[in-house]
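Notes follow the structure.
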Amino acid sequence: MKYDFAEIEKKWQAVWEREKPFRAETGSDKPKFYGLIEFPYPSGQGLHVGHPRPFTAMDIVTRKKRMEGYNVLFPIGFDAFGLPTENYAIKNHVHPAAVTKQNIANFTRQLKMLGYGFDWDRVVDTTDPEYYKWTQWIFLQLYKHGLAYKTTMPVNWCTSCKCVLANEEVVEGVCERCGAPVIRKEKSQWMLKITEYAQRLIDDLDDVDFIERVKTQQRNWIGRSTGAEVTFKATTGDDIVVFTTRPDTLFGATYMVLSPEHALIKKWLPLLKNADEVREYQRLAASKSDMERTELNKEKTGVKLSGVCGVNPVNGREIPIFISDYVLATYGTGAIMAVPAHDDRDWEFAKKFGCEIIEVVSGGEDVQKAAFTAKDETGIMVNSEFLNGLTVKDAIPVITKWLEEKGIGKAKVNFKLRDWVFSRQRYWGEPIPMVWCDKCGWVPLPESELPLRLPEVDSYEPTDDGESPLSKMTDWVNTTCPHCGGPARRETDTMPQWAGSSWYFLRYMDPHNPDALASKEALAYWSPVDWYNGGMEHTTLHLLYSRFWHKFLYDIGVVPTKEPYQKRTSHGMILGEGGEKMSKSRGNVVNPDDVVKSYGADTLRLYIMFIGDFEQAAAWSDNAVKGCKRFLDRIWNLAETRIDGPEACSHANEAAVHRAIKKVGEDIEAMKFNTAIAAMMGLVNDFYDNAPSRGDIKALLQLLSPFAPHIAEELWERQGFEGYASTSAWPRYDESKMTESEKEIAVQLNGKLRATATVPVDADDETVLSIVKAQEKVARALEGMEIVKTIVIKNKLVNLILRPVK
RNA sequence: GCGGGUAUGGCGGAAUUGGCAGACGCGCAGGAUUUAGGUUCCUGUGGCUAUACCGUGUGGGUUCAAGUCCCACUACCCGCACCA
């Protein structure tokens, strides 16, 4: 009979549906293993062929763990709030909830079609009120602990989504999602104080097993820098606080720069002789998009404040003050002291505006020609009174201490990370459970009133005035103050897409709990996630946000671990045939439904894992898919009919089987799925040379089971093995059975390969040498030569260094 | 500019501690089966002026031995980007 993958896959999926062999059991005595993949956003296009890469990888890992006796939690869910669904709903005049339901049904069908061993009883959906009740609950806890606050500030505004964005969502000055320009807009926004956790988010990376590039990317994003805050006086008497990482260069500060948005400027405007010019610069800076601001960074611009000066606190010198957009309002204090001799940006600005350049660190080139920025021992302080003669490194603590004693400065750590802008002016998100009362201010909704459901609205259209569509729902908006009972209004912004995904892995532990986000017992049993695989694009978004929320939940005693994820790995993208990104416009999108139809789910699973290094991007190839199908056909031919005999390895294949067991097992743990499959292919090739015994086939089917579970199960049944392949015990290997009695070694003469020799395994050097020298080719080469040096590497090679006899 | 990564046949990619470079797959060539095509099976497949020699982005070096270690480069990809 032919390998009828469609029939077989249907059959076993029905068995799994009925018998639920992949159900996780909270509290089981077995050791637990929690493997997690990033839950998909259920888009209208259905599953992309990129999805099966991480999904299949973790399915393989967890299936192996299950066979090794672990109680495995491998859950799935849907991150279903978000803009594409909302936009689709607007365009087609349907409710986003209806669209979501449809899309989830389609995703579910596709995921089942691929044979994943999910625990389907634990599915979560972030748009389910029973789920987002707890998302809102966490928000209330953040609010009660002072970590959620509402403030007016310049925020990123996507001109197309008509919605604010978090810093993490702005990529190269455009919206991460739609690519439209992002501008600055003053808006009142809910913020989460992720900055309060900045240090811990860096420190605790030391305790987790994340791949290095994830750690560095998070560290860079958080961007810790140490230095000092120094207070300069202005001639108006105002204090100007600046942050600097180079307090040692204070004597070289020859001017100051404020960001165009700095609060002091407004105060000073009436005093300024060039107030109009300053206002015009402010207006220009505000209207620039982030894109323009960064693109124009080659040329520094600015305006000197005419009528106000700063005073350098170390020497009392009056220095000019500029405003310029190269100083960012949102970093440090929004003001800097400029040391053109030792900072590239200040140097460039000083050259353009004719500011004085004073060298205070010697050891570089002429500071009139270029800034000298070395921060190590190479520079020696000059022109700096009591710092003269010190290295930069030694000068920093001296000046910092001096500043502290004089009361004009202090050591300070700054982070690039900013607080998380948490409001979105859109409909399809979790309502923020807050109420504004003119008497009481912001009042949190009582927990008993959760979930605060999304109301039905007539229109989901975002508005040009920057208000959420919810703001039009006066019935819903107008409410009573939970505190004083007076008239009040609900918050009409919703939460960002990242809210629901910041804690979903906790809900999986106890998904139907009506009284808590998850029970203490479930949290204690399953925490932390043992292995989380996901995309690099989430490193400074979801991964960072969820670590922050988890640390907060740990602080208030809700979760038992400091970190949510013990191990984090990442996969490369699947590109189209030819190596370009898959996209509708290029017409190179591969639909998993089509592949499954033509070749079967097992082939797709196998191919997507065989395609290349898991961490590297890989291009789709239809031909290579056929190769994987051929491999399964070959296995089918071997095992289709029952092989009788004892369940032991055959003599001829024993070593190969044991080596394959070792290789496949180790490669799965190391995510080297491609070589694991290559090892199985090699084993099957061996079986074509030496007919496999019943035991040989059994081992092969067990190794294959995590990768291609349907065919493995079918052949397992046809062979009449007990139970299921997928729940059988993972095979063991015996190191002593892995090697044959003889080994082929390389024979080099003067370092060049000249022959090979077959020698007994682990034979001593003399035996090996005598065999080698007896070889005709070697013997001939030895004529008239003497051996100067002999190198023997056990079981690997012999190298003879020869020279002519004198 | 800063941080991270990659570079190996016609292609995707393999190669513990330095120890037979090119596993496995695709493609290609030849053969068998087949009325034919397809499928399947077997054999071969880095280059070349072929007992030799040359081959892992480039140029040096260490070593009996280098894809692997050291020094100096180049190209490409990803992330961040005026962060004081």
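The values are calculated or read from the model by the stated rules, or taken from the named source; none is laboratory data. Only a predicted model underlies this, so the values are computations on that prediction, with no experimental measurement involved. All Cβ positions, glycine included, derive from the backbone under ideal geometry; neighbour counts span all protein chains shown. The protein model used for the area step is the full one, side chains on, heavy atoms only, and it has no ligands, DNA or RNA in it. Shrake-Rupley method; radii C 1.70, N 1.55, O 1.52, S 1.80 Å.
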Q. How much accessible area does A:D765 have with a 1.4 Å probe, in Å² rounded to the nearest 10?
A. 80
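Whole number in Å², please: accessible area per residue of the range A:683-803, 1.4 Å probe, ligands, DNA and RNA not counted.
Numbers: 6160 Å² over 121 residues.
Spelled out: the 1.4 Å probe surface of the range A:683-803, per residue, equals 51 Å².
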Q) In whole angstrom, how far apart do the alpha carbon centroids of the range A:361-379 and the range A:582-658 sit? A) 60
Q. Once the Cα atoms of helix A:709-719 and of chain A are each reduced to a long axis, what angle between those two axes, in degrees from 0 to 90 to the nearest 10, is obtained?
A. 20
Q.
Which one, A:V596, A:G334, A:Q45, is farthest towards the positive end of the dipole of chain A when Lys and Arg carry +1 and Asp and Glu -1 on their Cβ?
A. A:G334
Q: For a label point 7 Å from the Cα of A:N795 along Cα→C-beta, name the residues of the range A:641-658 whose backbone N is under 19 Å from it.
A: A:652-658
Q. Which value, in debye to the nearest 20, gives the size of the charge dipole of the range A:189-249 about its Cα centre, when Lys and Arg are +1 and Asp and Glu are -1 at the Cβ?
A. 220
Q: Using only the alpha carbons, work out the radius of gyration and Dmax of the range A:259-403 in angstrom.
A: 16.8, 47
Q | For A:T479, distant residues with modelled amide H under 5 Å away | A | A:A488, A:R489, A:R490
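With a Förster radius of 41 Å, plug the Cβ-Cβ distance of A:R18 and A:I556 into 1/(1 + (r/R0)^6) and report the FRET value to the nearest 0.05. Could the numbers behind the result be given before it?
Values: r = 42 Å, r/R0 = 1.02.
With a Förster radius of 41 Å, E is 0.45.
Once you have the Kirkwood Rh of the range A:349-479 from its Cα pairs, apply Stokes-Einstein at 25 °C and 0.890 mPa s and quote D in µm²/s.
Value of D from the Cα-based Kirkwood radius: 116 µm²/s.
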Q | Among A:T492, A:M473, A:Y508 the positive-end extreme of the charge dipole of the range A:452-512 (Cβ point charges) | A | A:Y508
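From the square roots a ≥ b ≥ c of the eigenvalues of the alpha-carbon gyration tensor of the range A:64-206, which class results: rounded (a/c under 1.5), prolate (a/b over b/c), or oblate?
On the way: a/c = 1.96, a/b = 1.30, b/c = 1.50.
Oblate is the answer for the range A:64-206, as a/c is 1.5 or above yet b/c matches or exceeds a/b.
Given R₀ = 45 Å, FRET efficiency for A:K112-A:A746 by Cβ-Cβ distance, to 0.05?
0.30
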Q: Determine how many Å³ per residue the convex hull of the Cα atoms of the range A:1-84 encloses.
A: 148
Q: State the percentage of accessible surface on the range A:497-584 attributable to carbon and sulfur atoms; use a 1.4 Å probe and exclude ligands, DNA and RNA.
A: 53
Q: May I ask you to compute the full-extension gain from A:M1 to A:E68, defined as 0.36 nm times their residue separation minus their alpha-carbon distance, rounded to one decimal in nm?
A: 20.8 nm
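From the P(r) of chain A, can you give the percent of Cα pairs sitting at distances over 43 Å? Each step should come with its number before you reach the end.
Values: 153046 of 324415 pairs.
Distances greater than 43 Å cover 47 percent of the Cα pairs.
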Q | Cα-projected label distance for A:D465 with A:K584, points at 7 Å along beta-carbon direction, nm | A | 3.3
Q | Principal-axis tilt of helix A:129-144 within chain A, Cα atoms, nearest 10 degrees | A | 50
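What number comes out for the charge environment of A:R424, summing +1 per Lys or Arg and -1 per Asp or Glu over other residues with Cβ under 13 Å away? Could the numbers behind the result be given before it?
Numbers: positive: A:K162, A:R177, A:K187, A:R426; negative: A:E86, A:E169, A:E430, A:E467, A:E491, A:D493.
With Lys, Arg at +1 and Asp, Glu at -1, the neighbours total -2.
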(Q) Give me the extension gain from A:R642 to A:A691: residue separation times 0.36 nm, minus the current Cα-Cα distance, reported in nm with one decimal. (A) 16.3 nm
Q: Can you tell me which of A:65-73, A:603-611, A:638-646, A:182-190 comes out highest on packing, and rank the rest after it, using the mean Cβ neighbours within 10 Å?
A: A:603-611, A:65-73, A:182-190, A:638-646
**Q.** Nearest-0.05 FRET efficiency for A:E318 and A:E537, computed from C-beta distance (R0 56 Å)
**A.** 0.65
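Starting from 0.36 nm per residue, how many nanometres of slack lie between A:A670 and A:R718 once their C-alpha separation is accounted for?
On the way: separation 48, 0.36 × 48 = 17.28 nm, distance 3.19 nm.
The A:A670-A:R718 span can extend by a further 14.1 nm.
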Q: Sort the following peptides by mean Cβ neighbour count (other Cβ atoms within 10 Å, averaged over residues), highest first: A:624-634, A:735-745.
A: A:624-634, A:735-745
(Q) Using the Cα centre of chain A as the reference point, and only Cβ charges (+1 on K/R, -1 on D/E), how large is the resulting charge dipole? Debye, rounded to the nearest 20. (A) 680
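How high is the relative contact order of chain A? Use alpha-carbon pairs under 8 Å, at least six apart in sequence, and give a whole percent.
Values: 1483 pairs, mean separation 111.6, N = 806.
Value for chain A: 14 percent.
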**Q.** Of all accessible heavy-atom area on the range A:299-432, the percent that carbon and sulfur account for (1.4 Å)
**A.** 50
(Q) How high is the relative contact order of the range A:1-95? Use alpha-carbon pairs under 8 Å, at least six apart in sequence, and give a whole percent. (A) 37
Q: Write down, largest first, the equivalent ellipsoid semi-axes of the range A:292-375 in whole Å, where each equals the square root of 5 times an eigenvalue of the alpha-carbon gyration tensor.
A: 20, 18, 12
Q: Working from Cα positions, state the angle (0 to 90°, nearest 10) between the long axis of helix A:275-287 and the longest principal axis of chain A.
A: 20
Q: Express in whole angstrom the spacing between the alpha-carbon centres of the range A:126-191 and the range A:435-513.
A: 14
Q: Taking every Cα atom in the range A:141-237, find the radius of gyration and the maximum pairwise distance Dmax, and write them in Å.
A: 17.5, 54
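Going by average Cβ density within 10 Å per residue, which order do the peptides A:576-583, A:691-698 take, highest to lowest? Walk me through the numbers before you get to the answer.
Working: A:576-583: 12.8, A:691-698: 22.0.
Going by the mean number of other Cβ atoms within 10 Å, highest first, we get A:691-698, A:576-583.
Give the relative contact order (percent, whole number) for the range A:125-250; include only Cα pairs under 8 Å separated by 6+ residues. Let's see the in-between values first.
On the way: 128 pairs, mean separation 21.2, N = 126.
Reported relative contact order: 17 percent.
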Q) To the nearest 500 deg cm²/dmol, what mean residue ellipticity at 222 nm is calculated for chain A from DSSP H runs of n ≥ 4 alone, each contributing -39,500 (n - 2.57), summed and divided by the residues? A) -10500 deg cm²/dmol
